[in-house]
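Trainee: Below are the structure tokens for one structure; questions will follow.
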Amino acid sequence: MKSLIKAVALVAVFAAPVASFAQSEQPVTRAEVKAQLKQIEQAGYNPAVATDSTYPADIQAAEARVAAQNSGAAGYGPSSAGSSETGSNVPAGNPNLQGQ
């Protein structure tokens with residue numbers, strides 16, 4: 001019984017910080033909700049056409065498209081094109097660099 005109480009207390013101690021980080025500082029305003037809905041509808045989601053069987057997939061696909069658009073506009077994350085190199089190529093058999 002004591003081990004069960006310890007386990008519950010341990011879970012509560014670790015779950016409390018996670019729950020506090022998940023909460024936002026301020027509630028979402030009506031204007032923000034309308035803007036989010038407009039973005040999702042512009043991404044191809046139509047609530048009038050959704051059925052019970054297609055609802056989760058349709059809304060998740062639209063949200064993924066919105067997230068992709070927003071991540072590209074934010075400028076965060078890895079670059080989608082280009083390359084990076086470090087150092088330099090040394091030609092084999094260069095007598096000036098041998099022994100270094």
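Trainee: Around Ala57, what is the net charge, scoring Lys/Arg as +1 and Asp/Glu as -1 over all other residues with Cβ under 14 Å from its Cβ?
Mentor: That sum, taken over residues with Cβ under 14 Å, equals -2.
Trainee: Order the peptides 27-33, 63-69 from the highest to the lowest mean number of other Cβ atoms within 10 Å of their residues. Don't skip to the answer; put the middle values down first.
Mentor: Working: 27-33: 8.7, 63-69: 13.6.
Descending mean neighbour count gives 63-69, 27-33.
Throughout, read-outs are computed from the coordinates displayed, never taken from laboratory work. As the structure is a prediction and not an experimental result, all values here were calculated from the model. Note: ideal-geometry Cβ built from the backbone for every residue, glycine included; neighbour counts use all protein chains shown.
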